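Data first, discussion second: the structure below is written as structure tokens.
The values are calculated or read from the model by the stated rules, or taken from the named source; none is laboratory data. In this text the structure is predicted, and so the values were computed from the model without any measurement. All Cβ positions, glycine included, derive from the backbone under ideal geometry; neighbour counts span all protein chains shown. Areas reflect the complete protein model, heavy atoms only, side chains present, ligands, DNA and RNA absent. Shrake-Rupley method; radii C 1.70, N 1.55, O 1.52, S 1.80 Å.
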Amino acid sequence: MSTPATAIVQRAVRLVLVILLVTIFTSLMLQLVPGDAAQLIAGEGATPEVLAAVRAANGLDQDVVTQYLHWMGNLLTGDLGESFRTRGPVWDAIVDRAPATIEIALGAIVIALAVAVPLALLCAYRAGGLVDRTVEGLTSLLVALPPFLTGVLLAFVFSVSLRWLPVTGWVPFTEAPLRNLSYVVIPAVALAMPALATFQRVLRTDVIATLQLDHIALARAKGVRPRQIMTRHALRPSSFSLLTVAGLQLAQMVGGTVVIETLFGIPGLGALLIQSVLGHDLVMVQGVVVVIAMAYLVINLIVDVSYRLLDPRVSV
Amino acid sequence: MGSRRTRRLQGVALAAAACLALAACGGASGGAAQGPTGEPQPGGTIRMLMNYDGPDLDPIHTTVAATAFGNQLLPIFDTLIRVDAQGTITPRIATAVTTTDGGTTWTVKLRDGVKFSDGTPFDAAALKFNWERDAEPESGQTSDARQITAMTVVDPTTLQATLASPNTSFPYLLQGPIGMIGSPTAIQTKGDQYSVAPVGAGPFVLDKRVPGSSYSYKKNPGYWDAPRPYADALEIRLIPETAQMASSFQAGEADLMSGPTGAAVWRQTEEQGTRVLKPVTFGGNAVWFNTTRAPVDDVRVRRALVMAMDPQDANDKADEGAATVSDNIFPQDSPYFDPAARIPYNGDLAQAQALIDSYVAEKGGPVTLTWLTTEGNNRRWVEAYAQQVNQKLENVDFKVEVVTTALALQSFYDDSFQVLGSSFIGVDPVLQMNQRLACGSGRNNANYCNQEVDAAFKQALRSPDQATRVDAVKKAQEALWKDVPFFLQSRAINYTATSENLGGVDSFAEGLLTLDSAWLATP
Amino acid sequence: MTTVEQEAVAAADTELPRSRRGPAFLVWIAVAWLALLVLAALFAPLLPLADPAQDVGGPRQPPFASLAEPLGTDGLGRSVLSRLVYGARASLQVGVLAILVGLLLGGLIGLLAGYFRKAVDFVIGVVTDALLAFPGLVLLLAIGAVLGPGLPTVIIGLAALSLPMYVRMTRANTLRFTEREFVQAARLTGAPASRIITREILPNVIPPLLAYSVVVMASLITAEAAISYLGIGIMPPTPSWGAMIADGQFELARNPQLVFVPAVVLALTVFAFSVVGDWGRARLDVGGAKV
């Protein structure tokens, strides 16, 4: 019923509303977060005079509403503002650091999917069997180990002992693609582990349900081989949950890679976000939040469109 | 006790600052690989790993102890002088720092012909400009810089500074943040941007900075101490997790690494045959009682708590016994060391309990208090000590609360804390003790005020010779340890490891490194 | 389907591997483990366990070295066994309660969004997107600032963070089934929305949600420790499995058991939950949305 034009308008309105909501909330919430940016800059034992001077010098003495409106005004002209911590444009900091996070997040999702999908199909095919139960046990363990732990373990095996991969470091993809990938591998794998477990579980459940449908039985009766049944007939309709979860995970990783980033010394968005929040760098936080919001919306769009592709009966 | 040498306040031209620094610091190198021998080779990029980052690269914002990130600023600025615990001054950009009136007026003599990396001259006028800037309201160095009440440029290489009151420890300030001088031209033209792209007269020039992640520097061709620096470039990367940092170093991804925590990892690094520097200064990771807040406003409670503590046990628990603990704020080779001035650890438990009981009888119990800490290695120390107290004393509930750095800082500002740690280290104790323990001082975390102790410190500040200083500090300590306004969690050591390929690196002050002299055997 | 096809289906039906329930004893073991955990956690003070905060034998005693402490001691000399049992209290509360809130509340909202579409979906979508784009860190800190540190704060905070995910998942699955002919047909016959939702949609939407919940539960349990540096969670020395795992990282190279013992306990619990969940799903035998 909705024409492409209406759909686009809807999406645009949605984008604006989300950004408004998120940025207003962030402004308000950051006020609640305990801590004083001026104190953090001035350090221990500064006199009130010093604190006042620091506040004035960094624009920290305006009230929330003024600060927000000022920022919003800048945003409308495409200016994300300047951070008092880095003394540079917010946009530059984001552009500097986003590629690393995107690479690791995408890498993690790809690895997780590449392993989880075949594993889920295998387990669903003989649900309740030995392979299924073993995989269930392994994924339980995977999920109980936080990513930093898997990261440290992987680094120990592959970097320190085997010297196949570097321990820490970073070089942009555009500078040295192969070296860049060598830095991405372990962080991406570490991040992929819990995602892998999630994907496998969710997909497996849906495939088991799908396998009980009549059209599967029909295909079987027609003599279609099991492998083809699984990949051609069962996978597609079962992928709704998987798709949703994968989209969510990817979007979450954009802000959530901080532990992995700090562990491996990777200059990413996650670390930037945390440092900015704890440092009360409102302008930087707002900037990163806007970028993340846009990323969510893009990912959402892709996921929604994919629903349509998976099952044409769904109208989006 | 070390021999009491007469403190030399005259500048003396000495060779090899490195050797002096080692002798003064009392921290030996690992005893294993000493690094390459022979003549320093030019060229190459030195790769260094560190744990923490500073707010930016402007010394006026560096309010934490120099070691935390001083090594990020040092390559850009150098320091005016280097001074060791005995007071021996090694000239750097300043050749002499002298006083003729017992510490009120100081004459700083600069080296001839030194230029900042932007070509402008490093003269007395530049020095004056910087010290005036250090005294501005938004500077974090106001307490140091505002001691200076008047300055006169005597000639292009001589500056005279008059202090508000006599301070014979003045030279020590010149190897800290106010000893890091920037180009006035750059400061004036760059404005806001100066703090992220500063210009100094040090061995290196900043090339690129990614906050929280990495710093790259290039050799300063106009450096005053040619042929130094030997290396062409320096790269510092930040890895907060010490074990990861060590793994990276062991895998050959760095020539140098430095950091204050993770003693067990550093011990392991040393056991693997790597050279590890462990500079020890006085003091350490001090833990302050807020002496204006119950129940730690009562000396009975403070004494009892400390008597129930056992630093070696805490060390075993928090750092697998690898850290350095002490019941004396001075290291044994320090001229100020007094074996009688002990922090009353491992005291008689019956006595400690009696103190608590007496407090409870008067003010009611149980004695409840909270120790604030940030997450990480420090938390383990705090938990260990609190556990000891809770297990050994009845009627005491010593709680631990994990907070963010911002909250911890705030509780110092609004005096809402009861027990909180803040490091208390330095090359010269007199300066530090005045700042942290004198009545009404801004950095007096414990809100401690004891007139007797105060008078002793002031006397020490005015003492021109070592003997009187030591006497004054001894008097202060006698009073101090009756009151127990703070205790020492552990020594604060800025560990540094160098690979077999890197030579010329030694530590001075609280853990600053001689990066100007560093060279790679195979660049 | 034609009669021929129907017959073929009927014939082929028996050959297709159906989801088996697996060996029954596995389910019993899983139930027993969970029951043991819950009971031990509930009655911990009555059990012959050491005080979980006290040094009972020196730091880092290895497991199986003494009868008194079969699982050894941790870095502060505290009984690992005791801390595992007491830690179950915090961890199970976090895992189960946060999930329940997410599941029930998030599920409901997602159902509404997926079923009613249009305006309802749009509004819910905007709010969900905003919540997801919002840095979780700030949300946790703000909740912590208002409520103060402690277990309830962590549960509420983590529930708030996982809510949007449940909304999304439920919505996706609801979407998938709402458009089916049988649902359209039911709508046309005037069946009330509540009946359609409970009869046709819910049974299809729940299974993947449950599978997802099991994994999210484990993540929340470890997340509880990961956010401790924000100062909003449970304070030491109160134990939790997440905190035990996180603590052990400092000495992973030299005493790996400090990490792996609690990790294995958590893994076993997750495994038990998922086995039980699987059995429940198979029992309900959902998934046959007949066309």
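I'd like the full set of residues that are in contact with a helix residue (DSSP H, G or I) (Cβ under 6 Å, 6 or more places away or on another chain), facing chain C (nearest Cβ under 9 Å), more than 25 Å from B:TYR215 (Cβ to Cβ) and of a type in the set (A, V, I, L, M, F, W, C), limited to the stretch A:143-157.
A:VAL143, A:ALA144, A:LEU145
Do you know which of the residues in the stretch C:233-248 that are closer than 18 Å to C:LEU140 by Cα and more than 18 Å from the chain's Cα centre (by Cα) is nearest to the other protein chains (Cβ to nearest Cβ)? Please lay out each step first, then the result.
Filtering the stretch C:233-248 down to residues closer than 18 Å to C:LEU140 by Cα leaves C:233-235, C:242-243.
Subsequent filtering for residues that are more than 18 Å from the chain's Cα centre (by Cα) retains C:233-235.
Numbers: C:GLY233: 8, C:ILE234: 10, C:MET235: 6 Å.
Taking the candidates together, the pick is C:MET235.
Evaluate the following for C:ALA159: is it modelled with pLDDT of 85 or more, over 21 Å from C:ARG281 (Cβ atoms) and open to solvent by less than 30 Å² (accessible area, probe 1.4 Å)?
Working: modelled with pLDDT of 85 or more: yes; over 21 Å from C:ARG281 (Cβ atoms): yes; open to solvent by less than 30 Å² (accessible area, probe 1.4 Å): yes.
Judged against the criteria, C:ALA159 is a match.
What's the total number of residues in the stretch B:200-213 that are modelled with pLDDT of 90 or more and either in a loop (DSSP other than H, G, I, E, B) or open to solvent by less than 40 Å² (accessible area, probe 1.4 Å) (or both)? Full working, then the answer.
Going residue by residue through the stretch B:200-213, those that are modelled with pLDDT of 90 or more are B:200-208.
Among the residues that remain, those that are also either in a loop (DSSP other than H, G, I, E, B) or open to solvent by less than 40 Å² (accessible area, probe 1.4 Å) (or both) are: B:200-204, B:206.
Number of matching residues: 6.
Does the stretch A:277-291 contain at least one residue that is assigned to a loop (DSSP other than H, G, I, E, B) and among the aliphatic types (A, V, I, L, M)? Outline the logic, then answer.
At the first step, the residues of the stretch A:277-291 found to be assigned to a loop (DSSP other than H, G, I, E, B) are A:279-281.
Retained after the next criterion (residues that are among the aliphatic types (A, V, I, L, M)): none.
Checked against the condition, which is being assigned to a loop (DSSP other than H, G, I, E, B) and among the aliphatic types (A, V, I, L, M), the stretch A:277-291 yields no hits at all.
Look through the stretch C:63-87, keep the residues that are closer than 19 Å to C:ILE234 by Cβ, hydrophobic (A, V, I, L, M, F, W, C) and away from every other protein chain (no Cβ under 14 Å), and return whichever of them is surrounded by the most Cβ atoms within 10 Å (Cβ to Cβ). Lay out the reasoning, then the answer.
Step one: filter the stretch C:63-87 for residues closer than 19 Å to C:ILE234 by Cβ, giving C:74-76, C:78-80, C:82-87.
So of that shortlist, the ones also hydrophobic (A, V, I, L, M, F, W, C) come out as C:76, C:80, C:84-85.
Applying the additional criterion that residues be away from every other protein chain (no Cβ under 14 Å) yields C:80, C:85.
Details: C:VAL80: 25, C:VAL85: 21.
Per the stated criteria, the residue is C:VAL80.
Check the stretch C:179-198 and report whether any residue there is hydroxyl-bearing (Ser, Thr, Tyr), in a helix (DSSP H, G or I) and open to solvent by less than 30 Å² (accessible area, probe 1.4 Å). Spell out the reasoning first.
Initially, the stretch C:179-198 is screened for residues hydroxyl-bearing (Ser, Thr, Tyr), giving C:189, C:194, C:198.
With in a helix (DSSP H, G or I) added as a condition, the list becomes C:194, C:198.
Then keep just the ones that are open to solvent by less than 30 Å² (accessible area, probe 1.4 Å); that gives none.
No: the stretch C:179-198 contains no residue that is hydroxyl-bearing (Ser, Thr, Tyr), in a helix (DSSP H, G or I) and open to solvent by less than 30 Å² (accessible area, probe 1.4 Å).
Filtering the stretch A:130-142 down to residues that are more than 7 Å from every other protein chain (Cβ to nearest Cβ) and more than 28 Å from the chain's Cα centre (by Cα), which residue is most open to solvent (accessible area, probe 1.4 Å)?
By that ranking, first place goes to A:LEU130.
Conditions (1) more than 7 Å from chain A (Cβ to nearest Cβ); (2) among the charged types (D, E, K, R), marked per residue:
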| site | (1), (2) |
| --- | --- |
| B:PRO211 | no, no |
| B:TRP224 | yes, no |
| B:ARG228 | yes, yes |
| B:ALA231 | yes, no |
| B:GLU235 | yes, yes |
| B:ILE239 | no, no |
| B:GLN244 | no, no |
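If I ask for residues that are within 14 Å of another protein chain (Cβ to nearest Cβ) and either part of a helix (DSSP H, G or I) or open to solvent by less than 40 Å² (accessible area, probe 1.4 Å) (or both), which ones from the stretch C:43-54 would you list?
Going residue by residue through the stretch C:43-54, those that are within 14 Å of another protein chain (Cβ to nearest Cβ) are C:50-54.
Hits for the stretch C:43-54 are C:ALA50, C:PRO52, C:ALA53.
Could you run through the stretch A:107-129 and say how many residues are open to solvent by 10 Å² or more (accessible area, probe 1.4 Å), in contact with a helix residue (DSSP H, G or I) (Cβ under 7 Å, 6 or more places away or on another chain) and aliphatic (A, V, I, L, M)?
The qualifying residues number 8.
Report every pair of residues separated by at least 6 positions or lying on different chains whose Cβ atoms are under 6 Å apart, first residue within the stretch C:149-178 and more than 12 Å from chain A (Cβ to nearest Cβ), second crowded, with 24+ Cβ neighbours inside 10 Å and acidic (Asp, Glu).
Close Cβ pairs satisfying both conditions: C:VAL154/C:GLU224.
Would you kindly identify the helices (runs of 4 or more DSSP H) lying entirely within the stretch B:322-433 that contain at least 1 residues that are within 23 Å of B:ASP297 (Cα to Cα) and within 14 Å of chain A (Cβ to nearest Cβ)?
On the way: elements: B:349-363, B:377-392, B:405-413.
Output list reads B:405-413.
Among the numbered conditions (1) at pLDDT below 95; (2) open to solvent by 10 Å² or more (accessible area, probe 1.4 Å), tell me where B:ALA350 comes up short.
The one condition B:ALA350 does not meet is (1).
Going through the stretch C:212-232 one residue at a time, which ones are farther than 20 Å from A:VAL259 by Cβ and more than 8 Å from every other protein chain (Cβ to nearest Cβ)? Show your work before the answer.
From the stretch C:212-232, those farther than 20 Å from A:VAL259 by Cβ are C:212-214; that's our starting set.
Residue satisfying the conditions is C:SER213 alone.
Just the residues that are within 14 Å of chain C (Cβ to nearest Cβ) and either within 19 Å of B:ILE239 (Cα to Cα) or of a type outside the set (A, V, I, L, M) (or both), please, taken from the stretch A:158-198. Before you say what the answer is, go through the steps one by one.
Taking the stretch A:158-198 as the starting set, the residues that turn out to be within 14 Å of chain C (Cβ to nearest Cβ) are A:159-161, A:167, A:190-198.
Across the stretch A:158-198, the qualifying residues are A:SER159, A:VAL160, A:SER161, A:VAL167, A:ALA190, A:LEU191, A:PRO194, A:THR198.
Looking at the structure I just gave you, is A:PRO34 open to solvent by 30 Å² or more (accessible area, probe 1.4 Å), within 14 Å of chain B (Cβ to nearest Cβ) and not aromatic (Phe, Trp, Tyr)? Don't jump to the end; show me each part of the working.
Details: open to solvent by 30 Å² or more (accessible area, probe 1.4 Å): yes; within 14 Å of chain B (Cβ to nearest Cβ): yes; not aromatic (Phe, Trp, Tyr): yes.
Yes, satisfied.
Among the residues of the stretch C:90-101, is there at least one that is open to solvent by 30 Å² or more (accessible area, probe 1.4 Å), modelled with pLDDT under 90, more than 19 Å from A:ALA144 (Cα to Cα) and out of contact with any strand residue (DSSP E or B) (no Cβ under 8 Å at 6 or more places or on another chain)?
Checked against the condition, which is being open to solvent by 30 Å² or more (accessible area, probe 1.4 Å), modelled with pLDDT under 90, more than 19 Å from A:ALA144 (Cα to Cα) and out of contact with any strand residue (DSSP E or B) (no Cβ under 8 Å at 6 or more places or on another chain), the stretch C:90-101 yields no hits at all.
Would you confirm whether or not the stretch B:443-457 contains a residue that is open to solvent by 10 Å² or more (accessible area, probe 1.4 Å), part of a strand (DSSP E or B) and at negative phi?
No, the stretch B:443-457 has no match at all.
Just one of (1) modelled with pLDDT under 90; (2) within 23 Å of A:GLY279 (Cα to Cα) trips up B:ILE236, so point out which.
Of everything listed in (1) modelled with pLDDT under 90; (2) within 23 Å of A:GLY279 (Cα to Cα), B:ILE236 misses just condition (1).
Which of the residues belonging to the stretch A:153-168 are surrounded by fewer than 22 Cβ atoms within 10 Å (Cβ to Cβ) and touching a residue at least 24 places away in the same chain (Cβ under 8 Å)?
A:LEU154, A:PHE158
Of all residues in the stretch A:37-55 being facing another protein chain (nearest Cβ under 8 Å) and among the hydrophobic types (A, V, I, L, M, F, W, C), which is nearest to C:ILE143 (Cα to Cα)? Don't jump to the end; show me each part of the working.
Step one: list which residues in the stretch A:37-55 are facing another protein chain (nearest Cβ under 8 Å), which gives A:39-47, A:49-50, A:52-54.
Then keep just the ones that are among the hydrophobic types (A, V, I, L, M, F, W, C); that gives A:40-42, A:46, A:50, A:52-54.
On the way: A:LEU40: 22, A:ILE41: 25, A:ALA42: 27, A:ALA46: 29, A:VAL50: 31, A:ALA52: 29, A:ALA53: 31, A:VAL54: 28 Å.
So the residue we want is A:LEU40.
Among (1) within 30 Å of B:GLU401 (Cα to Cα); (2) free of Cβ contacts under 8 Å to residues at least 60 places away in the same chain; (3) within 22 Å of the chain's Cα centre (by Cα), where does B:ASN450 come up short?
That leaves (3) as the condition not met.
When you look at B:SER216, is it within 29 Å of A:ASP281 (Cβ to Cβ), in a strand (DSSP E or B) and within 27 Å of the chain's Cα centre (by Cα), yes or no? Break it down into steps so the answer makes sense when it comes.
Details: within 29 Å of A:ASP281 (Cβ to Cβ): yes; in a strand (DSSP E or B): yes; within 27 Å of the chain's Cα centre (by Cα): yes.
So B:SER216 passes the test.
Which one of the conditions (1) closer than 30 Å to A:GLY128 by Cα; (2) surrounded by fewer than 21 Cβ atoms within 10 Å (Cβ to Cβ) does C:GLN257 fail to meet, given that it meets all the rest?
C:GLN257 satisfies every listed condition except (1).
Of the residues C:ALA130, C:ALA113, which single one is in contact with an Asp or Glu (Cβ under 7 Å, 6 or more places away or on another chain), within 14 Å of chain A (Cβ to nearest Cβ), buried (at least 21 other Cβ atoms within 10 Å of the Cβ) and in a helix (DSSP H, G or I)?
Details: C:ALA130 fails: in contact with an Asp or Glu (Cβ under 7 Å, 6 or more places away or on another chain).
None of the other options fit; the residue is C:ALA113.
Inspect all residues belonging to the stretch A:266-278 and state whether any of them is within 27 Å of C:PHE177 (Cβ to Cβ) and surrounded by 20 or more Cβ atoms within 10 Å (Cβ to Cβ).
So the first thing to find is which residues in the stretch A:266-278 are within 27 Å of C:PHE177 (Cβ to Cβ), and the list is none.
Taking every residue of the stretch A:266-278 in turn, none turns out to be within 27 Å of C:PHE177 (Cβ to Cβ) and surrounded by 20 or more Cβ atoms within 10 Å (Cβ to Cβ).
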